[in-house]
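Please treat every number below as a calculation from the coordinates, not as lab data. Computed from a predicted model, the values in this text were never measured in an experiment. Cβ sites come from the backbone with ideal geometry, for glycine too, and all protein chains shown count toward neighbours.
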């Protein structure tokens, strides 16, 4: 079964995302803080990571920089599903490109069903 690591601080949102992914036969491991996400990924390598940019303790960008320092995690698809919309300047910056983000989805305009479709496509590439 395909596995996704979901880093989402809002418990209800995390449950809703996990429910949509389950409909696609994708197992979700949910964490709410970045430090825990790194440990979970280290113990059980996911096929993809979904993260919010607004996190407690770390920003989503800080988490992604740390996540991408693991050499064997470069091929894991990272999908940002966030209520924070980065600027075009940031998304086109060298640092942002180094994070190798598969997709950026803005929560207010992308439904959970659309997110699940993107995750499924991303994992099956």
Could you list 75, 47, 117 so that the one with the fewest beta carbons within 10 Å of its beta carbon is first and the one with the most is last? 75, 117, 47
For the chain, calculate the relative contact order in percent as a whole number, restricting contacts to Cα pairs under 8 Å that are 6 or more residues apart. 26 percent
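Could you work out how much longer the chain between residue 19 and residue 43 gets when fully extended? Use 0.36 nm per residue separation minus the Cα distance between them, nm to one decimal. Write down the numbers at each step before the final one.
Values: separation 24, 0.36 × 24 = 8.64 nm, distance 2.29 nm.
Computed gain between residue 19 and residue 43 is 6.4 nm.
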5 Å binning of all Cα-Cα separations within the range 2-123, expressed as whole percents from 0 upward: 2, 12, 24, 27, 22, 11, 3, 0
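Given 0.36 nm per residue, what is the gain on full extension from residue 69 to residue 3 after removing their alpha carbon distance, in nm? Show your work: numbers first, answer last.
On the way: separation 66, 0.36 × 66 = 23.76 nm, distance 2.06 nm.
Once the chain is fully extended between residue 69 and residue 3, it gains 21.7 nm.
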Provide 11, 2, 45 in ascending order of the number of other Cβ atoms located within 10 Å of each residue's Cβ, fewest first. 11, 45, 2
